[in-house]
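The values are calculated or read from the model by the stated rules, or taken from the named source; none is laboratory data. Here the structure is a predicted model, which is why all the values come from computation and not from measurement. Methodologically, a virtual Cβ is constructed for each residue, glycine included, from the backbone with ideal geometry; neighbour enumeration extends over all protein chains shown.
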Amino acid sequence: MNELLFASALTLFAGLATGLGSFLALMTKRTDAKFLSISLGFSAGVMIYVSMIEIFVKAQRALVAELGERGGAWATVGGFFAGVALIAVIDRLVPAPANPHEFPHDDDGRSRRLMRMGTLTALAIALHNFPEGFATFVSALQEPSIAIPVAVAIALHNIPEGISVSVPIYHATGNRRKAFTWSFLSGLAEPVGGILGYLLLRPFLTDTLFGVVFAGVAGIMVFVSLDKLLPTAREYGEHHLSIYGLVAGMAVMALSLLLFV
């Protein structure tokens, strides 16, 4: 029971970061593009580092222990690219104007489309957050030692998602409460996805499946970083800002993992 409560709390923390992003965006009259660029690069750095240095390695160790050296290596790589394929399919199913990492440039007179964009983005993020919630929940149950870094990485990744929901809705309606509510609700899909995924798959969760899921989590996080966070970070600031944020994110995550050694 304590393990389930811990997993639920971490997943809720990661999901509520969407609301935090909304709150930060609504406290300013205008979105700071340079800050957003650095933040997105930072999130990408955190996610890439923890995925490749920690999650992928632990997944491979677990699978090698269960399936042997050769079988474990193949299962890890297969799980990684299965995660990439899963999030890529989800991303393709989301209409481009509603992509949760495409922030609206609303200074060109297209304000009439912002409300629709914000609403679609909220729905897209809810869909997008289900596998992330399951990833956080599973990591908390299987590997508590890295559960907190994973939750922090996903939470950092969710902050700009909250911004992407609240900014267009606020600029379309002028209503901060409505913008925050939509963003907050979209973030709740994270803990819902974690709990539902666990309940549905609990009868099938073995050490081997946990290892494959962990490898898939790494694939999901790397894909989101390379396909969404970094390209969007470059669009919102100078190229060097996104790279500085990327390196800073890796450094912070490396330091946090060393503290847990």
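Assorted remarks:
- Residue in the range 223-242 that is among the hydrophobic types (A, V, I, L, M, F, W, C), in a helix (DSSP H, G or I) and over 19 Å from the mean Cα position of the chain (by Cα) present: yes
- Flag if Ala65 is at pLDDT 90 or above, surrounded by fewer than 15 Cβ atoms within 10 Å (Cβ to Cβ) and within 17 Å of the chain's Cα centre (by Cα): no
- The range 1-26, residues that are more than 27 Å from Leu40 (Cβ to Cβ) and of a type in the set (S, T, N, Q): Asn2, Ser8
- Only residues that are part of a helix (DSSP H, G or I) and at pLDDT below 75 were counted across the range 14-33, and they come to 4.
- Residue match in the range 41-48 (condition: in a helix (DSSP H, G or I) and surrounded by fewer than 23 Cβ atoms within 10 Å (Cβ to Cβ)): no
- Residue check, Glu190 among the acidic types (Asp, Glu) and modelled with pLDDT under 75: no
- Qualifying residue in the range 209-218 (condition: farther than 24 Å from Ile53 by Cα and modelled with pLDDT of 80 or more): no
- Residues satisfying the stated conditions in the range 206-254, i.e. basic (Lys, Arg) and touching a helix residue (DSSP H, G or I) at 6+ places or on another chain (Cβ under 7 Å): Arg234
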